[in-house]
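Taking it in order: structure first as C-alpha cells, then the write-up.
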C-alpha cells in the first residue's frame with residue numbers, strides 16, 4: 001500500500017513539474033506583417049483550413065512541425081484538445097474536397113525561416129526561440145491529453 005502511494009505521488013509530482021516548466025508556444029508570423037494579434041478561435045479555423053484568406057485577401061499558409069515533434073503534440077493538444085494523429089480522419093475527408101493539411105517544416109528553425117520570408121504564413125515555435133525575424137500573434141500554454 002505504501003509503495004503504491006509513493007508511486008502515485010511521484011507520478012503526480014512529475015506531471016506537475018512538466019506542466020509548470022513547459023515552455024509557452026508562440027504562434028508567429030513575419031515581422032513585417034501588418035497583423036498584430038490572432039484569436040485562438042481564428043487560429044483554429046486557419047489550421048483546419050476553414051479560413052483560407054487573411055484580411056488583405058492573401059491565402060493563409062499555416063505550417064506544422066513533423067508528427068513526431070513534441071511541440072506539435074503540445075500545439076495540437078492546446079488548440080484542438082487532441083493529438084495530431086487523431087486528426088487523420090478529418091484530413092482524409094478534407095482531401096476529397098481539395099483541401100490539404102498545412103505543410104510540414106522540418107524544424108522550428110525551418111518554421112522561423114519560412115514564416116519570416118513568406119507573406120501570410122504562420123507557424124509555431126517555443127517562445128524562447130522567437131527573434132526579430134518574426135512577431136508573436138498569440139501565446140499558447142502546452143496542454144496535456146485529457
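The values are calculated or read from the model by the stated rules, or taken from the named source; none is laboratory data. Since the model is a prediction, treat every value here as computed from it, not as a measurement. All Cβ positions, glycine included, derive from the backbone under ideal geometry; neighbour counts span all protein chains shown.
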Checked region 30-48 for anything surrounded by 10 or more Cβ atoms within 10 Å (Cβ to Cβ), more than 18 Å from residue 141 (Cα to Cα) and either modelled with pLDDT under 95 or touching a strand residue (DSSP E or B) at 6+ places or on another chain (Cβ under 8 Å) (or both); matches are 30, 31, 32, 33, 35, 46
Residue under question is residue 43, and the condition is that it be closer than 19 Å to residue 24 by Cβ, in a helix (DSSP H, G or I) and touching a residue at least 60 places away in the same chain (Cβ under 8 Å); does it hold? yes
Within region 53-87, which residues are under 17 Å from residue 29 (Cα atoms), in contact with a strand residue (DSSP E or B) (Cβ under 6 Å, 6 or more places away or on another chain) and in a loop (DSSP other than H, G, I, E, B)? 63
Taking region 111-122 only, how many residues are assigned to a helix (DSSP H, G or I) and within 14 Å of the chain's Cα centre (by Cα)? 3
A careful count of residues in region 88-103 that are surrounded by fewer than 15 Cβ atoms within 10 Å (Cβ to Cβ) and in contact with a strand residue (DSSP E or B) (Cβ under 9 Å, 6 or more places away or on another chain) gives 1
Within region 119-134, can you find the residues that are surrounded by fewer than 19 Cβ atoms within 10 Å (Cβ to Cβ) and either modelled with pLDDT of 95 or more or within 19 Å of residue 69 (Cβ to Cβ) (or both)? 126, 127, 128, 129, 130, 131, 132, 133
Residue match in region 66-80 (condition: in contact with a helix residue (DSSP H, G or I) (Cβ under 9 Å, 6 or more places away or on another chain), touching a residue at least 60 places away in the same chain (Cβ under 8 Å) and more than 18 Å from residue 23 (Cα to Cα)): no
Return the pair list, or none, for Cβ contacts closer than 9 Å from residues in region 102-118 that are free of Cβ contacts under 8 Å to residues at least 24 places away in the same chain to residues that are assigned to a loop (DSSP other than H, G, I, E, B), at least 6 apart or on different chains. 110/63; 110/65; 113/105; 113/133
Go through (1) part of a strand (DSSP E or B); (2) more than 15 Å from the chain's Cα centre (by Cα) one by one and return the number of the condition residue 136 breaks. (2)
